[in-house]
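K.L.:
Have a look at this one.
Read the figures in this text as sums done on the coordinates, not as results from a lab. Note that this is a predicted model, so its numbers are computed, not measured. In this analysis, Cβ positions are derived from the backbone assuming ideal geometry, glycine residues included, and neighbour counts consider all displayed protein chains.
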Amino acid sequence: MGSILLLEDDPAIADTVAFALRREGFAVEALGWLAEARERLRTGPAPELLILDIGLPDGRGLDLCRELRAGPLAHLPVIVLSARSDEMDRVLGLELGADDYLAKPFSPRELVARVRALLRRAQAAPPPAPGFNVDGSRVRLDGVLLNLTKLELGLLLKLLAAPQRIHSREALLDAVWGSSADSGDRTVDTHIKTLRAKLREAAPARDPIKTHRGLGYSLEP
Ligand code: CA
C-alpha cells in the first residue's frame, strides 16, 4: 500500500485523516509545517502521494505545490485541502499543479476514495509518446527507422520510459553510462544534441526533447 505524506497543521483534521487512511492500509506520515515538508521531500524517500493543506502556519501550501511541479517530484500526485470552499483556491490549486481538491469540511471516506482514484491514475502506464514505435533496439519515429548510437538509444529509451517526466543529467548519466562512468554533465548534453538532430531529421516538426534549464530533459508529446 502507498505511503502518504500529509501536511496539515490542524491536529484534529490531521488525526482524522491519518486514522481513516491507516485503517485502509496506507502508511501515513503527518507534518504540520511547510518547512518540515520541504526538508522531508528534499531528503527523505519520495512518498507516493501528498495531501496538502493550503493554509499553513509558515506559508501557503500552494507554494509548495508549485515548487514540486518544477522539480524532480513533478509527478507526485497532490490533493489540496482548503478551509473555504473558495473557488479561487480551487482554480489556483489546480493551476499550480494539484491533481485534486477538497474543501473542508470533507468526509474522510471521500478523501480515501480520492486518494485511491489518484493512486490508480498515477500507477497506470504512462501514455506512450506519440510518433514513437519501439521494437527492441529499433526505434522508429513517424515510421522512420532511427540510426542511433548505443548511448543515444539508451538516452531515448530512458526518456521514453517516463514521458513528460524531467530526468536530471545525473539520472540519465547513471542510467545510460552506469555509475562507474567518469563522464560529466557535458557528456549527456553532447549526446542529447546528436540525438535531437537525428529526431529532427526523421520528423522535423516534432522536436520532442525539451530542455529544462538547470533541471534536465524530458520527452514531450
Ligand atoms: Ca490549516
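K.L.:
Using only DSSP helix segments of four residues or longer, with each worth -39500 (n - 2.57), what per-residue ellipticity at 222 nm results for the chain after dividing by its residue count and rounding to 500?
P.N.:
Details: 8 runs with 96 residues, N = 221.
Estimated from H runs of four or more residues: -13500 deg cm²/dmol.
K.L.:
Taking only C-alpha pairs under 8 Å that are 6+ residues apart, what is the relative contact order of the chain in percent? Please report the intermediate quantities before stating the final value.
P.N.:
On the way: 326 pairs, mean separation 31.7, N = 221.
After rounding, I find 14 percent.
K.L.:
Let me ask something additional. What whole-number distance in Å separates the alpha-carbon centres of the range 75-125 and the range 37-56?
P.N.:
First find each Cα centre; the distance between them is then 14 Å.
K.L.:
Another question, if that's okay. Using every pair of alpha-carbon atoms in the chain, split the distances into 10 Å bins beginning at 0 and state the percent of pairs per bin, rounded to integers.
P.N.:
Distribution as computed: 7, 29, 27, 20, 13, 3 percent.
K.L.:
Further, regarding this structure: Just grab the label-to-label distance for Lys104 and Arg140, each label 7 Å out from Cα along the Cβ direction, in nm (one decimal).
P.N.:
5.6
K.L.:
For the range 3-123, what is the per residue volume of the convex hull drawn over the alpha-carbon atoms, in cubic angstrom?
P.N.:
Enclosed volume per residue, from the Cα hull, is 92 Å³.
K.L.:
Tell me the Rg and the Dmax, in Å, that the Cα atoms of the range 93-215 produce.
P.N.:
For the range 93-215, the Cα-based Rg and Dmax read 18.7, 57 Å.
K.L.:
May I pose another question? Can you list the lysines whose alpha carbon sits under 21 Å from that of Lys198, skipping same-chain ones fewer than 8 residues off?
P.N.:
Once the sequence-local lysines are set aside, what remains near Lys198 is Lys150, Lys158, Lys210.
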